[in-house]
Every structure is written in structure tokens, then in C-alpha cells.
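Engineer: This is the structure I have questions about; it appears just below.
We did not get these values from a lab; they are worked out from the coordinates using the rules stated. Just so you know, these numbers come straight off a predicted model, no measurement behind them. Here the Cβ positions follow ideal geometry from the backbone for every residue, glycine too, while neighbour counts run over all protein chains shown.
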Amino acid sequence: MGAEFYGDDYQKNIEAIFVGIPTFLKLPLVKSLKELEVVKPDVAIVGEPFDFGTTIRPGTRYGPRAIRAASTVPSPPYEHFNIETGVDPFGVFRVVDYGDVSISPGDPIESLARMTKKVYEVIEHKAIPIILGGDHSCTFANVRALARKYKKIGMIHIDCHADCAPDGLTGFKYDHGAHIRRIMDLGCLNGKNYTLIGPRGYWPGPALYKWMYDKDMQWFTMLDVEELGVEVITKEAIDRAKEGTDAVFISWDIDSFDPAYAPGTGEPEPNGLTSREGIKMMRMLSTAFNPDTFAFDIVEVSPPYDVSDSSSYNGGITSMLASRLIIELLAGLALTKKGLRVGEPIRPKNYRGLGHTYDFPLPTKPKIYTTSMSNDPAQLNKENDVTKHSHSVNNSARKDPTEYKNSRRHRTSKRLL
């Protein structure tokens, strides 16, 4: 497939990265719906240069441009054989860059409508839409496009914030803090098919989380990620998204990552995902769903706040991470399309690894925590008694400090002898 679609550029293109038009990975550019119909791609990259829905720091209108620029390091050729996983998505998929949505400056409603139209063009022509945002309000338009074809959608939302504000953060109900609420209004998403991964910090407050609780939504804070592990959480999110649904949408906000890994965003918050955790999560997600009924967006990349990016000529570390997540996604989808579970990495004769590239084993006995929203004093006291008991057990297992001190002195004196 690779050489057949991309020609000699698939393996032999030696063009310098600063030469040529910087489409995503320097992939072929499709400029019109008519061209899309002729080319018949398997995957289409769509840019949404839009930040009219942001409420704090603007700049995500330049996100698609920066992600594309970062993707060209190193690129071409189009062949992208992953050293770790042994997968090249471009040997399976015909991938094109379908350009940007023509945003209407100053008119967010019209802009969102244009996003829905362009994304639906991709879906209607049986290609997978991979969308570069843009602030998170874009996701409403993207899911709306998917909902035109599929009635029941499962959703995995990876984000620092639960974007469920009923009227937005400042009174505009289509801003980047309200897209989940607007998607729920469409009637295509049931709370039992929704999972949020990565919330932390101080917004939203308890009222919105109580609303999510009542809707049977699931969420895993960063504390949960630390305690349960990426494998357990991602597996549950996958199961919830697939149960009784016709299609799946994954929306990944770059602020889910710790600012050390992704500073280029409008609302950074400490204690986020590491890039290693994100890549592992993406590898699990990318092989879990039917590529023919799937869509994805990456949002809130804001180049003005990125590190090593003063011009977006080659992107920064945030846009680089976003571009790599997309390549990882395409690789996993390609495996699934071929009916495979693992790739074929080239390994040394004396291979010392465990060989897990996509199918990561779950912990033998994962910790499962449940919480009660009950206000019944008796129930709360019962829960407190359990907590006190567990603390007493832990305390009884601790060594007496004097005993530790004496044993340490004993060991030291033996060494001196």
C-alpha cells in the first residue's frame, strides 16, 4: 500500500525538513471535496485553527500549524516504522492532509458549523477524521459530525478539566468549558459510555461533579492514575466506550499532560500525565476500536506558550508530543485494520525486554475504590470506621523507632569491626 499510494516518496524521499509545504508529515494535500472523492483516503487530517471559545489564554488558532510543523521532524519519507512497536501505519493507510476549516473570524457559531461540515465530509467518504485543534469547544462540532451518521457514541475524554459547565465558564454556552454538556444535549452520548481521564486542580466545583455522578459518568483523577495505573484505567474506559455504541470518539486535551512535558497550552496545571504514560495509554486505545467507526481530536495546543517554539517553523515540545500521539494512534488503528494485535519490531539476538507493545498486562490484583455520595451519618460513620481500622492495621505493622535505631547502630558497628 505504501509505495502504491505515496510513490517513491514512501521510502526514498530525502528532502530536507525545511523544504516544501509543511502539511502534516508532508503528506499529500487535498484541497477540495472533489479531490477527496477522487483520492478516496483512509485517513484525513483536518485542522481547526480556532480559539474563540477559550476563556483564559488564546493562541490555539495556531495549534494546527504548529502540530504540522513539528510533525516534519524527522520527515519524510512517509514510511514511519516505529522502532519499539514494529508498526508503520503508512504501509496500511492512505493518509492525506485535508487542510483547515475556513474559520469565520468573530463568529464562533458559524465557525463551529463549518467544522461539523468538513469533518462530516471525511466521515461520509469512509475516511477516519483526525482533527487538529483549536480550543476544546471544537470537540462539540466534531462529535456532532459523527452523530450525523451514528446514533450512539462512546467517548473517552482525556483532560485536566471536566468540561461540563451548563452555560460555559463566562456565560457563553459553546466555550471550551462546556463542550461535553453540549454533546450530551445532542442525545448521542449516554453517561455510562463516557470516561474522563486526568482531572486535577480546582475547576469545576462539586456541583458539576455531582451532575456527572447523577449521569453515571466515570472519571479518574490523576491520583487515581497514580494509584490504579494507566493499564487499569484505560481498560475500563475502553469497555465503557464500546458497550452498546455504534462509534467511538476520543478527545485528547494536551493540558492533560504535566506542564513539564506540554507547557504550550492555555490552562496548564501541575501534576499531569507524563509523556510516557500518554504514549502507553494511546497504544492501548489505538488497538481497541473499529477504525471504520472512529474519530479523534487533539486540542488546546497553544504555540505562543510552548518551549523551543518562537515561530512554529519546526514546532515546540508540546506540538511535537501532539504529533507523536497522532502517529501512535495511526499505527494502532493500522494493526486493527489488518486484524493483528502486535507489530514486528526488530530486536537484538539477546533481547532482554518483556515484549509488551500494545497488550499491556493488568496488575494481578488492581485496587478498586468506591465512594459514597450518601449524607446518612450512619453510613459515613461506617466508612470512617473502615478507614480507622485500616490505619490501625498499618500502624501496628510499623517498627518501633527505637528498635530501628538500635538495629541500624548494630549494622553500622558490625561494618566497623
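Engineer: Under 5 Å between amide hydrogens, which residues at least 5 positions from Gly99 or on another chain qualify, with H placed 1.01 Å from N in the peptide plane?
Structural biologist: Excluding prolines and chain starts, which carry no amide H, the hits are Val30, Gly47.
Engineer: Let me ask something else about it. Please list, in order along the stretch 222-236, the HN-Hα scalar couplings obtained from phi with the Karplus expression 6.51 cos²θ - 1.76 cosθ + 1.60 (θ = phi - 60°), rounded to whole Hz, x for Gly and Pro.
Structural biologist: So the Karplus estimates, Gly and Pro as x, are 5, 5, 5, 4, 5, 7, 8, x, 4, 4, 5, 5, 5, 4, 5 Hz.
Engineer: Just how large is the dipole of the stretch 1-83 about the Cα centre, in debye to the nearest 20, putting +1 at every Lys and Arg Cβ and -1 at every Asp and Glu Cβ?
Structural biologist: For the stretch 1-83, the charge dipole is close to 380 debye.
Engineer: By average Cβ neighbour count within 10 Å, what is the ranking of 153-161, 215-223, 124-132 from highest down?
Structural biologist: Per-residue mean Cβ counts within 10 Å order the peptides as 153-161, 124-132, 215-223.
Engineer: Which whole number in µm²/s is D for the stretch 219-375 by Stokes-Einstein, with the Kirkwood Rh taken over Cα pairs at 10 °C and 1.306 mPa s?
Structural biologist: Here the translational diffusion coefficient equals 91 µm²/s.
Engineer: Would you mind telling me which residue in Ser308, Ser251, Ser323 has the biggest mean-square fluctuation in a Gaussian network model of the chain, where springs connect alpha carbons within a distance under 10 angstrom?
Structural biologist: Looking only at Ser308, Ser251, Ser323, the biggest GNM fluctuation is shown by Ser308.
Engineer: Ratio to report: Rg/Rh of the stretch 128-169, with Cα atoms as the point set and Rh obtained by the Kirkwood method; give two decimals.
Structural biologist: My calculation puts Rg/Rh at 0.96.
Engineer: Over all distinct alpha-carbon pairs, what is the Kirkwood Rh of the stretch 2-337 in angstrom?
Structural biologist: Kirkwood radius, the stretch 2-337: 19.6 Å.
Engineer: Find the Rg to Rh ratio for the stretch 184-253, where Rh is the Kirkwood radius over alpha-carbon pairs and Rg uses the same atoms.
Structural biologist: Taking Rh as the inverse mean 1/r over Cα pairs, Rg/Rh reads 0.96.
Engineer: Something else about it: Using a Gaussian network model on the chain with a 10 Å cutoff between Cα atoms, which of Pro303, Pro166, Pro49 fluctuates the most?
Structural biologist: Pro166
Engineer: Something else about it: Quick one: which residues, 5 or more positions from Trp219 or on another chain, have an amide H under 5 Å from its amide H? H modelled 1.01 Å from N in the peptide plane, none for Pro or chain starts.
Structural biologist: Leu196
Engineer: Based on DSSP, what percent of beta bridges with both residues in the chain are antiparallel, to the nearest 5?
Structural biologist: 0 percent
Engineer: Okay, next question. Once Lys and Arg get +1 and Asp and Glu get -1 on their Cβ, which of Ser102, Ile298, Phe257 lies farthest toward the positive end of the dipole of the chain?
Structural biologist: Phe257
Engineer: Right, here's the next one. What ranking do Trp252, Trp203 get, fewest neighbouring Cβ atoms within 10 angstrom at the top?
Structural biologist: Starting with the residue having the fewest Cβ neighbours, the order is Trp203, Trp252.
Engineer: Based solely on its DSSP helices, what 222 nm [θ] is calculated for the chain when runs of n ≥ 4 H residues each add -39,500 (n - 2.57) and the sum is averaged over all residues, nearest 500 deg cm²/dmol?
Structural biologist: Per the formula, -11500 deg cm²/dmol.
Engineer: Taking each pair of different alpha-carbon atoms in the stretch 91-224 once, compute 1/r for the pair, average those values, and report the inverse of that mean as the Kirkwood hydrodynamic radius in Å to one decimal.
Structural biologist: Result for the stretch 91-224 stands at 15.8 Å.
Engineer: Here is a further query. Placing +1 at every Lys and Arg Cβ and -1 at every Asp and Glu Cβ, with all other atoms neutral, what dipole size does the chain have around its Cα centre, in debye to the nearest 20?
Structural biologist: Approximately 1560 debye in magnitude.
Engineer: Here's another thing I want to ask about it. Select from Arg347, Arg200, Arg144 the residue whose mean-square fluctuation is largest in a Gaussian network model of the chain (Cα-Cα springs shorter than 10 Å).
Structural biologist: Looking only at Arg347, Arg200, Arg144, the biggest GNM fluctuation is shown by Arg347.
Engineer: Filter the cross-link list Lys126/Lys337; Lys118/Lys215; Lys34/Lys117; Lys31/Lys149 down to pairs whose alpha-carbon distance in this structure exceeds 19 Å.
Structural biologist: Those over the limit are Lys118/Lys215; Lys31/Lys149.
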